[in-house]
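The values are calculated or read from the model by the stated rules, or taken from the named source; none is laboratory data. Keep in mind that what you see is a predicted model, and the values were worked out from it rather than measured. FYI the Cβ positions are ideal-geometry reconstructions off the backbone, even for glycines, and counts take in every protein chain you see.
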């Protein structure tokens, strides 16, 4: 399992690689632009080449792009729905240009129209995205905490989206450990993790699991409270992560840590996770 952080882009795109190297990352995640704005920051051919060369030289792979927060593929509002699709297509085009493996996105909020309606709307968005984008980069749908009318807090829902979209090969899943825990999946024990992986396999297929967000949770089991905590400092606890990073079924799945990092007073979650590999 390759580990890394969500890193800042403090200048041209290559700054993400530099920041990843400074933090000892083997894989990284980055935003395509300001996460609270619709526009995706353009990247020149020269900047893209510099990024790809630096990525190869640093052996940072894969690189993930996390979509902007405004995306809502289940939006009842037609303008928001269309802008969400366009934003994801733009992010995937940027991923392709930079040599990133995939774009990770939250799937949406039906705003009271009903989960079934929302799932069909999301699947339609996925199909349009792959019609408009023909590159090799994947689109990974991320699990959610399940608050309010958001969609994506059960693997059955993801399975429905995959089925409705026709299960395109470039569609995958990203599991956030904090999100699934507060959505009601008790992954604090080996038995709970086994059960969760079995459910993923039943509704989606473990081969579609392409990334982890390894975050502990400040929220309680089933609370739907999306508040990350440092590894071993939250409700999940260290043993959950020890089992995940040593589970042969997911050992090849890269893992991103989304906690603040890089300052002396902050936890070194990356080093902690590495220390758990093969540790009994």
Requested in this report: Could you list, in sequence order, all residues of the stretch 145-193 that are more than 30 Å from residue 232 (Cα to Cα), touching a strand residue (DSSP E or B) at 6+ places or on another chain (Cβ under 8 Å) and in a helix (DSSP H, G or I)?
Outcome: 161, 162
Report summary line: Within the stretch 33-48, the residues that are in contact with a helix residue (DSSP H, G or I) (Cβ under 7 Å, 6 or more places away or on another chain) and more than 13 Å from residue 9 (Cβ to Cβ) are 38, 48
Report task. Could you grab me the full set of residues in the stretch 135-156 that are buried (at least 21 other Cβ atoms within 10 Å of the Cβ), farther than 15 Å from residue 210 by Cβ and in contact with a helix residue (DSSP H, G or I) (Cβ under 6 Å, 6 or more places away or on another chain)? Result -> 144, 145, 151
Query - Restricting the stretch 1-11 to residues that are assigned to a loop (DSSP other than H, G, I, E, B) and modelled with pLDDT of 95 or more, the residue that is surrounded by the most Cβ atoms within 10 Å (Cβ to Cβ) - result: 7
Query raised in the report: Do we find that residue 235 is touching a residue at least 40 places away in the same chain (Cβ under 8 Å), part of a helix (DSSP H, G or I) and farther than 24 Å from residue 140 by Cα in this structure?
Result: no
Query raised in the report: Hey, any hits in the stretch 214-221 for a residue that's at pLDDT 95 or above and more than 14 Å from residue 187 (Cα to Cα)?
Result: yes
Query - Output for the stretch 197-226, where each listed residue is surrounded by 15 or more Cβ atoms within 10 Å (Cβ to Cβ), assigned to a helix (DSSP H, G or I) and in contact (Cβ under 8 Å) with a residue 24 or more places away in the chain - result: 197, 199, 200, 203, 208
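For every residue, the table says whether it meets (1) over 25 Å from residue 20 (Cβ atoms); (2) in contact with a helix residue (DSSP H, G or I) (Cβ under 9 Å, 6 or more places away or on another chain).
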{"position": "71", "(1), (2)": "no, yes"}
{"position": "74", "(1), (2)": "yes, yes"}
{"position": "81", "(1), (2)": "yes, yes"}
{"position": "86", "(1), (2)": "yes, yes"}
{"position": "95", "(1), (2)": "no, no"}
